[in-house]
Amino acid sequence: MPETLLRVHAQALRLFGERLRAIEDGQWGAPTPCTDWDVRALVNHVVGEQLWIPPLVSEGRTVGEIGDAFSGDVLGDDPLAAWETASAAAHAAFAAPGALERTVNLSYGPTRAMAYCSELTADCVVHTWDLARGTGGDDRLPDDLVEFSIKEVMPYADGLAASGMYAEPLEVPAGADAQTRLLALLGRKG
């Protein structure tokens, strides 16, 4: 399982990076399906998530110890370079020997690093779709990433809207494909 998870995690990071490299200069202020975020804010969020991983997983630090180190603009003048550095360090942290067996101290309590990696992988997959939608890019997601993300999100899908971070789940039409089902779970219309 750890090897499979690391492969899927790397695949999700690559896919987001591909969509990021396709952003044109005039698209950074474009709206995304995440109504509070334009393209730059969405990318900033995903890069910020990657920045948290090394101190939490590799260093065993807590959210409180890290504080607001990754608040605000983490992209600087070169969002692509920020992404490449952060995503490489994040994947290396998860891929280190024994890392996925560790416990990380997240805002909602102690969690196995394997579960944290799974959560962030699914998050990256969905935000790849958001980014593609915001830029008019290819919004088809690979089937294996969609299936992985559905399995990750299903157990806690009902509580996501209550968290205030996601819209209410949408009804899924009969015969909907897996990507449509995943997006609907997270309040997105594919």
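Probe of 1.4 angstrom, ligands and nucleic acids ignored: what's the accessible area per residue over segment 1-155, in square angstrom?
Ligands and nucleic acids excluded, the result is 46 Å² per residue.
Among the GluC sites (Glu not before Pro) found in segment 114-190, those both in a DSSP coil and sparsely packed, with 12 or fewer other Cβ atoms within 10 Å of their Cβ, are Glu171. Multiplying the residue separation of Asp143 and Val63 by 0.36 nm and removing their Cα-Cα distance gives an extension gain of 25.5 nm. Here Phe70 and Glu171 are evaluated by their C-beta separation; at R0 = 45 Å the FRET efficiency comes out at 0.80. Taking the 1.4 Å solvent-accessible surface of the chain as the whole, the part contributed by carbon and sulfur is 53%.
Given their separation in residues at 0.36 nm each and the Cα-Cα distance between them, Ala41 and Arg112 gain 22.7 nm when the chain is fully extended.
Could you tell me which of Thr32, His127, Leu75 has its Cα farthest along the dipole of segment 11-140 towards the positive end, charges placed at Cβ (Lys, Arg +1; Asp, Glu -1), taken about the Cα centre? About the Cα centre, the residue reaching furthest to the positive side is His127.
The values are calculated or read from the model by the stated rules, or taken from the named source; none is laboratory data. Remember, it's a predicted structure, so these values are computed and weren't measured experimentally. Every residue, glycine among them, receives a Cβ derived from its backbone with ideal geometry; neighbour counts consider all protein chains shown. All accessible areas refer to the heavy atoms of the entire protein, side chains included, with ligands and DNA or RNA removed. Shrake-Rupley method; radii C 1.70, N 1.55, O 1.52, S 1.80 Å.
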